[in-house]
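Each reported figure results from applying straightforward, stated rules to the coordinates on display, with no laboratory input. Computed from a predicted model, the values in this text were never measured in an experiment. Methodologically, a virtual Cβ is constructed for each residue, glycine included, from the backbone with ideal geometry; neighbour enumeration extends over all protein chains shown.
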Ligand code: G3D
Ligand code: MG
């Protein structure tokens, strides 16, 4: 247990809990790691998960990230459905829950698909154990196997993330690694931010929708002049949450897309405020672009190219007229960023 690999995954995983819910809605922790996980957590977390699922049944369908009020931890929770959904009389339902420190949340958002597979596999085994009323030792063995595999995956992902820096002299490896770029998309509500992201990513699409967090993160790789560039695109999923989460949202952004709606004067006037908000958070470390979206709505456009260009040049941003509907100029924005990164690197 003394290897550095164990230490690193231990830092990230704060605990694993297997819980069951009975017909009277009582949520009970049945098996957990580490064995000295606090009583308070063992009582609070299963109940919190149960309550969240009862009020948001949609969250039962996927691996959900749940904030834990008053703590710097988050829970990643997977619903254990009764094997036999139809005859649910007396059926036991449960949860497989991972607790992690919120400072490490990016890794879970980025690789949520890999974690879903792992949760799914162990949840199926736990479901059988719950239904056959297996004893706590058997449950603990399964939790332990889950925790071990989780640690192994986290270490593997960490190695992957670090490898370009770890082996800078390995030119061949480097050349196969796509350049990675975090892009954030900003602008007033309803200007078309999500539509632009969907238009760009749809064909090669790996999307994690994180309703409880307030972000959508999509990934897409493109080839620019034969050089692969991978974009991780962060889009806001809810204004209220965004106010609390904006620091995480902006952190590490290499490119920022500022979107306004060509049919709304206010949305252009607000661009400066968005620009200053990013600047206050990450300074001038990003490259940006201004997008006047919905150019297909020709009859409703109220902003002239001159007005838009004036704002663009004041903020020193290139200006693109786009339509998320027709796709006009959407790819061009990302190729512009790719060109920028390639020429800087
Ligand atoms: P947001 O993510 O910035 O809040 P959305 O904006 O992408 O949700 O888009 C808001 C509305 O504008 C949506 O309409 C969407 O279909 C529409 N829209 C987005 N981009 C374009 C565009 O380029 N052209 C046109 N014609 N419409 C666009 P609804 O009706 O679904 O609310
Ligand atoms: Mg949106």
>> Between the stretch 258-309 and the stretch 92-106, what is the separation of their alpha carbon centroids in Å?
In response: 38 Å
> Stretched out fully, how many nm does the piece from residue 26 to residue 190 gain, at 0.36 nm a residue minus the Cα gap?
Replying inline: 54.9 nm
>> Can you give the FRET efficiency to the nearest 0.05 for residue 281 and residue 345, using r as the Cβ-Cβ distance and R₀ = 22 Å?
In response: 0.35
>> Can you sort 18, 181 from fewest to most other Cβ atoms within 10 Å of each residue's own Cβ?
In response: 181, 18
> Hey, fewest Cβ within 10 Å first, where do 314, 328, 142 land in order?
Replying inline: 314, 328, 142
>> At a threshold of 8 angstrom on Cα-Cα distance, excluding pairs fewer than six apart, so keeping six or more, what relative contact order does the stretch 7-161 reach in percent?
In response: 28 percent
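What ranking do 233, 13, 68 get, fewest neighbouring Cβ atoms within 10 angstrom at the top? Mind dumping the intermediate values first?
On the way: 233 23, 13 19, 68 16.
With the sparsest Cβ surroundings first, the list reads 68, 13, 233.
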>> Take residue 39 and residue 335, extend 7 Å from each Cα along the Cα→Cβ direction, and tell me the distance between the two endpoints in nm.
In response: 6.5 nm
